[in-house]
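Read through the structure below, which is laid out as structure tokens, and then see the notes.
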Amino acid sequence: MPKLADHGQRRVQIAEALLRIAGSSGLHAVTMRSVAAEAGFSVSVVQYYFESKEKLLLFALRYLARRVSERVEARIRASGSPPTSRGVIEAVLAQALPTDAESRTFHLVYTAYAVLSVTDPALAAQPFMAAPDEMRAFLTDRIRAAQSAGEASPDLDAHAEATGLLAMSAGLGTSVLLGQVTAGDALSILRYHLDRIVPEPET
């Protein structure tokens, strides 16, 4: 009997093909046909799993976001046990820097998608675009937890600090892509500002 297709695996293979194209040639190079060719499938197979390029792109972004979340969790586990508020915050921000192929692809694709959403209400309405707000709320909670534990000054505005850190990490990520700063310098800059907000715990 012929082997039945694993539909979940097929969808992932198609999403990974899209991300390879977007990471090497840009989001503008993504078409149903180019993705099919990269994945080694016919266009009809890609259309079977994804009715439109928009649905394919959104699935790929969600898939990539899950991969990034897994990498953040791995960084947090590596930062210490139990992880400190400082370790969690640094892990989240450091992962946003394009230091390898996967994080570079995420930064490129997400930035391109965000720019398109400025002029496309349908894209702007997608739940994926709420991710920065969720991340800001998460970082705000971590800074407040550090304040409650005496690891950060009670005078800080946690929400403002979280907003600034996210904006800084996004800007530094773009600077790394453009070759204006190295990934190592970008991480040092993030740590410099984190030392002011949530200093490393004393050993």
_Cα shape, segment 84-160, gyration tensor, a/c 1.5 rule_ = oblate
_Gain on full stretching of the segment that runs from ARG196 to VAL43 - 0.36 nm per residue minus C-alpha separation_ = 49.8 nm
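Would you calculate a helix-derived [θ] at 222 nm for the chain, using -39,500 (n - 2.57) for each DSSP H run of n ≥ 4 and dividing by the full residue count, to the nearest 500?
The helix contribution divided over the chain gives -24000 deg cm²/dmol.
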*asked:* Can you compute the charge dipole magnitude of the chain about its Cα centre, using +1 on each Lys and Arg Cβ and -1 on each Asp and Glu Cβ, nothing else charged? Give it in debye, rounded to the nearest 20.
replied: 780 debye
*Treating the angle as unsigned and between 0 and 90°, give the value, to the nearest 10°, between the Cα long axis of helix 85-95 and the longest Cα principal axis of the chain.*
40 degrees
*Could you please state how large a percent of the accessible area of the chain is carbon and sulfur, counting protein chains only and using a 1.4 Å probe?*
56 percent
*Per residue solvent-accessible surface (Å²) - segment 133-203, probe of 1.4 Å*: 59 Å²
*Which one of LEU93, LEU123, LEU166 has the biggest mean-square fluctuation once the chain is modelled by GNM with Cα springs under 10 Å?*
LEU123
*Could you work out the Kirkwood radius for the chain, taking every pair of different alpha carbons, averaging 1/r and inverting it, reported in Å?*
18.5 Å
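The values are calculated or read from the model by the stated rules, or taken from the named source; none is laboratory data. As the structure is a prediction and not an experimental result, all values here were calculated from the model. We place every Cβ from the backbone using ideal geometry, glycine too, and count neighbours over all the protein chains shown. All accessible areas refer to the heavy atoms of the entire protein, side chains included, with ligands and DNA or RNA removed. Shrake-Rupley method; radii C 1.70, N 1.55, O 1.52, S 1.80 Å.
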